Amino acid sequence: MFGVPDRPERHFFDGSQPQTLQGAVMLSYLNVAFALLFLLVGGIFGLLLLVTAAEGVGAYGIANERRWGYRLAVGAALVILALSIWVFVLGHGIGILNLLFAVVLAALLLHPQSREYQRIWFH
């Protein structure tokens, strides 16, 4: 109306996507919230915070059906998984909850249903 071009609606969550992608987006946002909380408390994990921020941006891209968002989220999830395994092994069992979250997130993103959906529907 009045010469304003139509813009696609942006959202932070898309309920029409498969449950695997919905869960991955919610878990990614939760990871970002925890990372910000730890930053406010005084933890300094520069690389982890940067990767977690990338994960949040990727989750936003997934919610808006962008292929770059899916790729960014998968890459960030795999880096976080590798860091979580490293902390778990060196910490002699400390960080099991972080490791479980990282495994679940990677599994949700790499699930065949998620990969197939993004291959067909993402731009």
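Relative to the first principal axis of the alpha-carbon coordinates of the chain, what is the inclination of helix 112-121, with its axis defined by its Cα atoms, in degrees from 0 to 90 and to the nearest 10?
Around 30 degrees separate the two axes.
Could you check which residue among 91, 23, 75 shows the biggest mean-square fluctuation in a GNM of the chain with a 10 Å Cα cutoff?
Most flexible of the set in this elastic network: 91.
What does the charge add up to near residue 16, with Lys and Arg as +1, Asp and Glu as -1, over the other residues with Cβ less than 13 Å from its Cβ?
On the way: positive: none; negative: 9, 14, 65.
So the environment of residue 16 carries a net charge of -3.
Considering the chain as a Gaussian network with a 10 Å cut-off on Cα pairs, which listed residue, 59, 77, 35, attains the greatest mean-square fluctuation?
35
Which one is right for this structure if Kirkwood radius over Cα pairs in Å is calculated from it: (i) 14.6; (ii) 15.7; (iii) 15.1?
The calculated read-out lines up with (iii).
According to a simple spin-label model (label point 7 Å from Cα along Cα-to-Cβ), what is the distance in nm between residue 103 and residue 66?
Rounded to a tenth, the inter-label distance reads 3.2 nm.
Fully extended, how many nm does the chain gain between residue 53 and residue 120 (0.36 nm per residue separation, minus their Cα-Cα distance)?
Details: separation 67, 0.36 × 67 = 24.12 nm, distance 2.63 nm.
Answer, rounded to one decimal: 21.5 nm.
Over the chain, with a Gaussian network built from C-alpha contacts below 10 Å, which listed residue (105, 27, 83) shows the highest mean-square fluctuation?
Of 105, 27, 83, the Gaussian network model singles out 83 as fluctuating most.
Read-outs throughout are calculated quantities, based only on the coordinates presented, and are distinct from any laboratory measurement. In this text, all values refer to a predicted model and were calculated from it rather than measured experimentally. As a convention, Cβ positions derive from the backbone with ideal geometry for all residues, glycine included, and neighbour counts pool all protein chains shown.
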